[in-house]
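A short write-up of the structure that comes next.
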Amino acid sequence: MDIVVKGRKTEVPERFRKHVAEKLKLEKIQKLDGKVISLDVEVSKEPNPRQADRCDRVEITLRSRGPVIRAEAAASDPYAALDLAAEKLGARLRKQHDKRFSRRGARRISAAEVADHVPGAATLNGSGEVVPPEKQDVVPTKKIGSLEVQGDGPLVVREKTHVAAPMSLDQALYEMELVGHDFYLFVDSETKEPSVVYRRHAYDYGVIHLTTDTMVTQANAPEAGDALGG
């Protein structure tokens with residue numbers, strides 16, 4: 001296969017024809033598309049002086065057993081236009097090559113795997129028969145700590161219970177520094193309520209006290225009639 005270079009309303013010098021052969025390397029193109037039939041390069045010139053920066057246009061047409069691939073560009077001289085058009089042609093050839101390669105490498109899935117790849121598809125058993133929804137596998141539920149999680153679940157819970165003697169705020173701060181944590185949960189020896197000390201900025205500390213609100217407890221408590229069903 002040869003490269004055909006022609007001019008439209010302009011002469012094409014031999015020096016430019018040699019540059020085309022050097023720029024459009026056939027062996028590189030045939031690696032991307034081994035079914036190339038012809039490669040044409042057409043050079044044209046725009047006589048309008050207002051378009052001096054785009055007066056030279058180069059159009060490359062590649063024909064193969066597949067779709068025709070074209071790339072064109074305009075610049076102030078034919079060499080620059082050829083460089084731009086060649087870059088476009090190379091990008092389109094690589095895209096077409098990658099598309100063919102991905103189609104060949106795609107793995108066919110079996111009928112039993114369709115439900116895993118296609119949302120809403122029917123579930124099949126080992127014999128290829130449709131499994132009714134009521135007989136499909138139920139997502140297992142497991143208990144993690146005090147919570148129930150279906151399937152694997154993104155939720156990870158670790159539950160710990162510690163026996164703690166009531167202590168003062170100063171003692172809680174000392175214990176927090178001792179274990180190297182940014183917070184420390186303790187039972188306040190004065191209020192007998194759970195509290196948390198935490199590190200804020202530099203050497204500043206904060207403390208959160210929890211108290212029981214009897215009004216909230218009573219408001220959330222079920223009525224006697226509700227407990228008996230009405």
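The values are calculated or read from the model by the stated rules, or taken from the named source; none is laboratory data. For clarity, every value in this text was computed on a predicted model and none was experimentally measured. Neighbour counts run over all protein chains shown; Cβ positions are idealised from the backbone, glycine included. We work out accessible area using only protein heavy atoms, side chains counted, and drop any ligands, DNA or RNA first. Shrake-Rupley method; radii C 1.70, N 1.55, O 1.52, S 1.80 Å.
Things to note:
- Glu87-His19 pseudo-label distance in nm [points 7 Å out on the Cα-to-Cβ vector]: 1.6
- Potential extension, His97-Arg200 segment - 0.36 nm per residue separation minus Cα distance: 31.2 nm
- Annotation: lysines with alpha-carbon distance below 21 angstrom to Lys45 (same-chain offsets under eight excluded): Lys6, Lys9, Lys18, Lys23, Lys88.
- Relative contact order for region 1-99, counting Cα pairs under 8 Å that sit 6 or more residues apart, in percent: 24
- Sparse packing (at most 13 other Cβ atoms within 10 Å of the Cβ) combined with a DSSP loop state is found for the following trypsin sites (Lys or Arg not before Pro) in region 160-204: Lys160, Lys192, Arg200.
- Förster radius 41 Å - calculated FRET efficiency between Glu193 and Thr141 (Cβ-Cβ, nearest 0.05): 0.75
- Apportionment of accessible area to carbon and sulfur, region 1-66, percent (1.4 Å): 45
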